[in-house]
Structure formats: structure tokens, C-alpha cells
1. Can you run down the residue pairs with Cβ atoms below 9 Å, 6 or more apart or on separate chains, where the first is in the stretch 182-198 and under 15 Å from Gly106 (Cα atoms) and outside any helix (DSSP H, G or I) and the partner is open to solvent by less than 10 Å² (accessible area, probe 1.4 Å) and among the hydrophobic types (A, V, I, L, M, F, W, C)?
2. Among the residues of the stretch 72-129, write down those that are part of a loop (DSSP other than H, G, I, E, B), touching a Lys or Arg at 6+ places or on another chain (Cβ under 8 Å) and farther than 20 Å from Arg192 by Cα.
3. I'd like the full set of residues that are loosely packed, with under 14 Cβ neighbours inside 10 Å and modelled with pLDDT of 95 or more, limited to the stretch 47-73.
4. Please go through the stretch 115-131 and give me each residue that is more than 14 Å from Pro181 (Cβ to Cβ) and surrounded by 17 or more Cβ atoms within 10 Å (Cβ to Cβ), ordered by number.
5. Restricting attention to the stretch 93-111, which residues are open to solvent by 20 Å² or more (accessible area, probe 1.4 Å) and either hydrophobic (A, V, I, L, M, F, W, C) or closer than 20 Å to Val43 by Cα (or both)?
6. Go through the stretch 184-209 and give me each residue that's aliphatic (A, V, I, L, M) and modelled with pLDDT of 50 or more.
7. Does Val28 satisfy the criteria of being of a type in the set (A, V, I, L, M) and modelled with pLDDT of 95 or more?
8. Quickly run through the stretch 80-92 and pick out the residues that are without any contact (Cβ under 8 Å) to a residue 60 or more places away in the chain and either among the hydrophobic types (A, V, I, L, M, F, W, C) or loosely packed, with under 14 Cβ neighbours inside 10 Å (or both).
Amino acid sequence: MSTWLRPATPLSPVHGDDARAARRAAPVRRPVGGSGPQHATQVTAEGVDWLVSASAYPDSTLALWEARPTAPAVLPCGRAFDVVNVPAFFGRRLLDRLWDEGPGSGPVAAHRGRVLLLAAPGTARRLPSLLDWEEWGGAVPPLLCHGAGDAVTVPPLVPGAGSGDGPRWLVAPDTRSPWLPGPEVLLWACVRVARATPGRDVRVSISPDWDPGANVYDVSRRR
């Protein structure tokens, strides 16, 4: 992977003491619109290693990125990550909840008015079912969940000129083993956002017919 990262590029890897010094000196960024911990918006060499692991042909993927590092790429879901694709406004609020009150997020991209949260494999299959089971599906905008058999466009490794309208990283991959939220974490965040949305008449009970004496399960406290 490091053989094609030219010294002049911002993706050039560093090792040992140089790597530690670079991490200490690196600016800290946050997801756009969020108020939680800040993160880099450009992929690191380690992040590239992880991204190409999603492909069945990582060497070919690297070769394409070597030729066109400022071009978006298409990667399959289900191997290294799933993707939860939500409207931009809801996605920004979701990121705020994850970073301000929860465990944070994995890599996150923005594209064509949508926010793409990279999630643990299997999330695309389970999250819609959890939302329906907890009766929160009607309070959350339609989610596009991409899993095994799907593919998504990911932002360029290096932002290029005129890329303002294209896909871009809000939280870029920066490690070979990023933590990725699973369906339970994203369910918790979705419920928190839904509860905070004015004008929503949503119930917390998992029972089909509300009963004042019934046990109520506050899924907003689940993590």
C-alpha cells in the first residue's frame, strides 16, 4: 500500500517516532455540523488499507486509486462494512447524538444530500427490523441500508479541485481497524433524535396497544 504513496501527497505514511509526532501535531477536526470530538476529513494510509479490504480485488482497487486518487470509488458492502444512508439533516443530528452522548461513529461520508454512516457488517439487515420492532420506524425518515450484495460510492482519497459537489468525508478512515457502530448503537441514536424532534407523536412501548399500566421500555437508554 505504501509503495504508491508519493512523498508529496498528504497520504504519505510515517513510522515510529515520526508517526507519533505526526499524530500529536495533527489538527483535530470534527464531523461537519457536529459538536463532538473532531476528526480528520482526509483518509490516512492506514485508512486506505482498511477501505481496500472491502474489495474482493484489493490490488486492483489500489491500482485504480494510484492512477486517480482524486476520483470517487465504488466499494462493495458486507465484507468490511455496511452503510446506513440517511437524509442530510437527520444524519447530522444523528452524528451529534453519537458524538455528544454516545460512543461516537465510524467513518462517515456525505453525498448528494445524504449522509452515509459506515457501520458494522450485518447492520443493514438488522437495523430496519429493530426500528420496526421497537415501533420507531414511523418517527425516523426512510433509511437506505446497504449490505451484502450492494455497493456504494466512497469519496476520493485526496480531495481534488471542483469536488465540492461530489462525495466527501465527514469522518475519514484513519486506521486499519476502525470501530464501527452496530445496529443497537444506531437504533439508540435514531431513537434519541426522534424523541428530540418537535411535533412527533411517537410511543416508547413495544406493546401494539398502549396501556397505562403496561411496562414501558425506554430504548433511548440502550447502548
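The values are calculated or read from the model by the stated rules, or taken from the named source; none is laboratory data. What you are looking at is a predicted structure, and each value in this text was computed from that prediction instead of being measured. In this analysis, Cβ positions are derived from the backbone assuming ideal geometry, glycine residues included, and neighbour counts consider all displayed protein chains. Please note that ligands, DNA and RNA were not included when accessible areas were found on the heavy atoms of the full protein model with its side chains. Shrake-Rupley method; radii C 1.70, N 1.55, O 1.52, S 1.80 Å.
1. Gly182/Ala119; Gly182/Leu127
2. Of everything in the stretch 72-129, just one residue is part of a loop (DSSP other than H, G, I, E, B), touching a Lys or Arg at 6+ places or on another chain (Cβ under 8 Å) and farther than 20 Å from Arg192 by Cα, namely Pro121.
3. None; the set is empty.
4. Once the filter is applied, which keeps residues that are more than 14 Å from Pro181 (Cβ to Cβ) and surrounded by 17 or more Cβ atoms within 10 Å (Cβ to Cβ), the stretch 115-131 yields Pro128, Leu131.
5. Those that are open to solvent by 20 Å² or more (accessible area, probe 1.4 Å) and either hydrophobic (A, V, I, L, M, F, W, C) or closer than 20 Å to Val43 by Cα (or both): Trp99, His111.
6. Result: Val185, Leu186, Leu187, Ala189, Val191, Val193, Ala194, Ala196.
7. no
8. Across the stretch 80-92, the qualifying residues are Ala80, Val86, Ala88, Phe89.
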